[in-house]
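Below is one structure; the comments refer to it alone.
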Amino acid sequence: MRLLPRCAATAVAALALLVGLPASSQTAPPAKEPAKEKYAPATPVCAGCHAQSHESIAMSHHGAKNDAGGSMCQACHGDASEHIKDPTTNKMVNKFVKAPAAEKSAVCLTCHTTNRHLAFWESGKHSKNDVACSDCHNIHGKAKAATVAPYTTTSRPLEADTCGTCHKQVRNAALKPSHHPIIEGKVKCSDCHNPHGAVTPAMLKHETVNQQCFSCHADKRGPFVFGHPPVEENCLTCHTPHGSSHEKLLTEKAPNLCQDCHVTGRHPTSFYGSGQGWNLPSGAPNSAVSSRFIARGCLNCHNSVHGSNAPTSRGKFLIR
Ligand code: HEC
Ligand code: HEC
Ligand code: HEC
Ligand code: HEC
Ligand code: HEC
Ligand code: HEC
Ligand code: HEC
Ligand code: HEC
Ligand code: HEC
Ligand code: HEC
């Protein structure tokens, strides 16, 4: 590896000689210094004693703005001028450990208040329930527990793991057999929610549940010649957003799902008609169980439950 640049340099020098150009770059305009400065700021005074704290942010946006006096360190931790003189008598209070949540967040908001993603921070559920910025943002990159993601090769903790430390029920749901690919790292909690607050229900990014779903499942938007009213009303009438034990994120399995609303029809839609269920009225097993209840149930025939554009009665009855 180390040989390669040297070979390249020699090659360039040789080439320069051949073409008759000066091999040294003395005549070239001076390289721009600020660019280097941005990625390798002066080591702050704090680093001498807090090497770990310095190194953990050195390569981040916060570290890039730091200087020899540790101005960024102090922007978050407060004035440290006395502390530097004699750190043992002039102890620093780490307010990110003991102070109330609002006070912790106020520190971050001194700089981040203009961020448009944070516009509804104050009215969001997190701020109102004493969740601070530093509960989610790991400023000094502390080592976290191993990730549950089975299909990722990076060591970066999944966002869902951070959220899951508090939202255990949601994490639980995301581990059920049918789930949005959250633990696989393909869909993030923040694809649907704004953790910084929003005025929508459950802090969704889009104005309604359906708009949120359409943002990825555009094929369900329609409009359809033959729509299915519950679909247009709210996807969550039949689906759960995070995970379910029933396939396709359904709240329950067909035919039960459909029977919640369809009890009578041109053909019987419930178990309760004579000879329609698993058992005959006599109690004996029914040798000709209705196709409405086996396998995919109603979906055996009504497979366009989200709406149909098929002509005539096939479309009208959501059969194709
Ligand atoms: C001469 C060494 C030294 C320097 C320089 C120094 N500190 Fe400290 N700092 C200490 C010691 C010692 C402690 C106490 C550690 C403890 O209690 O475990 C401390 C504690 C702290 C704490 C509290 C940590 C906690 O867990 O409560 C913060 C925050 C802190 N320093 C920030 C800074 C900042 C910011 C700077 C630079 C502006 C700085 N320090 C410079 C030695 C130093
Ligand atoms: C963007 C705000 C921010 C900046 C910039 C920042 N810190 Fe911190 N620091 C925190 C928060 C939040 C915590 C507590 C949570 C944690 O440990 O991650 C913390 C914890 C600490 C602690 C406690 C020890 C520990 O690791 O638990 C020390 C010491 C410390 N910081 C020193 C520094 C020094 C030195 C710098 C500059 C090189 C610095 N911090 C820059 C926010 C910041
Ligand atoms: C002194 C000003 C200042 C303070 C205080 C500050 N930040 Fe920042 N922060 C910045 C700047 C500048 C950037 C880089 C530009 C940007 O993304 O806005 C940044 C970027 C970030 C980013 C994006 C990082 C990335 O890699 O994209 C996060 C997250 C963040 N800050 C969180 C926090 C949190 C949490 C706190 C409080 C513990 C905090 N900041 C305090 C100035 C600050
Ligand atoms: C409930 C967890 C949570 C809390 C609390 C939180 N954040 Fe974030 N923040 C996130 C997540 C998740 C992302 C990354 C979003 C993404 O990947 O698109 C993020 C991204 C950011 C970014 C960079 C991207 C952007 O939107 O500009 C900044 C800056 C930031 N947060 C600042 C803050 C500040 C300041 C606070 C406190 C006032 C805060 N955050 C509170 C979860 C949180
Ligand atoms: C595909 C979009 C989507 C994803 C991804 C998603 N959510 Fe949700 N979430 C929703 C919707 C929609 C609701 C609204 C439920 C309602 O109105 O009953 C919701 C509700 C919630 C609620 C409040 C109600 C409840 O069920 O407790 C919490 C908390 C929540 N989500 C957290 C999370 C967390 C944490 C993650 C990541 C692990 C996540 N969500 C991922 C769409 C999503
Ligand atoms: C430190 C704990 C904590 C963490 C971490 C956390 N939350 Fe929350 N979250 C709460 C609390 C407390 C509430 C308010 C009580 C409730 O509704 O459950 C809340 C509420 C919510 C709500 C609104 C629920 C509703 O009914 O309106 C959503 C959505 C949400 N969180 C998503 C997230 C996402 C996404 C993440 C990760 C980026 C996250 N949370 C990380 C503690 C946390
Ligand atoms: C951020 C994009 C995104 C959003 C928003 C989204 N989904 Fe998904 N959805 C996906 C992905 C990705 C899959 C997995 C597709 C696959 O495995 O082929 C999926 C799969 C599904 C599945 C099939 C699950 C299975 O077990 O096969 C259903 C049902 C579903 N989503 C419903 C919804 C509903 C309802 C909403 C609104 C609350 C929603 N989705 C919002 C991305 C999204
Ligand atoms: C009346 C109940 C119902 C409503 C309301 C509903 N769905 Fe479904 N959805 C189902 C059923 C049943 C299946 C399984 C279909 C199958 O297995 O053939 C399904 C399957 C899906 C699938 C996975 C298979 C596919 O067709 O891509 C997605 C994605 C989906 N629904 C998204 C949505 C969205 C988005 C909404 C809201 C616009 C919605 N659903 C509203 C009943 C419903
Ligand atoms: C939340 C209630 C609800 C659920 C659950 C529901 N539907 Fe519907 N469905 C309706 C309503 C309302 C109509 C419109 C009835 C009308 O136009 O007379 C409808 C219409 C239909 C139609 C067309 C009937 C016609 O006369 O045009 C079919 C077929 C149908 N649903 C099948 C299903 C199937 C299959 C399921 C299960 C996957 C299901 N529905 C779940 C409420 C529901
Ligand atoms: C074997 C195929 C088949 C199965 C299985 C099936 N249907 Fe149907 N369904 C039809 C056909 C075909 C129609 C059109 C009406 C007609 O010609 O009688 C229809 C019509 C309907 C209608 C609208 C007509 C009316 O009566 O208002 C509803 C609602 C309906 N079915 C609900 C269901 C439900 C709920 C299930 C599951 C319990 C189900 N269907 C299972 C074939 C089926």
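Worth pointing out:
- Extension gain, Leu250 to Ser313, is 20.0 nm, computed as 0.36 nm per intervening residue step minus the present C-alpha separation.
- In the range 176-270, trypsin sites (Lys or Arg not before Pro) in a DSSP loop with at most 13 other beta-carbon atoms within 10 Å: Lys186, Arg266
- Summing charges over neighbours of Ser244, with a neighbour being any other residue whose Cβ is under 15 Å away from its Cβ, gives +2 when K and R count +1 and D and E count -1.
- Note on Glu184/Ala68: beta-carbon distance plugged into 1/(1 + (r/R0)^6) with R0 of 41 Å gives a FRET efficiency of 0.40.
- The solvent-accessible area of Thr251, taken with every protein chain present and a 1.4 Å probe, is close to 60 Å².
- Rolling a 1.4 Å probe across all protein chains gives Asp219 an accessible area of roughly 100 Å².
- Within the range 93-108: backbone nitrogen closer than 14 Å to the Cys49 label point (7 Å, Cα to C-beta): 93-94
- Overall form of the range 97-139: oblate. Here a/c, set by the Cα gyration tensor axes a ≥ b ≥ c, is 1.5 or more, and a/b is not larger than b/c.
- Cross-link pairs exceeding 19 Å in C-alpha to C-alpha distance, out of Lys65/Lys95; Lys104/Lys128; Lys176/Lys253; Lys168/Lys220; Lys125/Lys186; Lys205/Lys248, comprise Lys65/Lys95; Lys168/Lys220; Lys125/Lys186; Lys205/Lys248.
The values are calculated or read from the model by the stated rules, or taken from the named source; none is laboratory data. Keep in mind that what you see is a predicted model, and the values were worked out from it rather than measured. Glycine also receives a Cβ, built like all others from the backbone with ideal geometry; neighbour counts cover every protein chain displayed. Areas reflect the complete protein model, heavy atoms only, side chains present, ligands, DNA and RNA absent. Shrake-Rupley method; radii C 1.70, N 1.55, O 1.52, S 1.80 Å.
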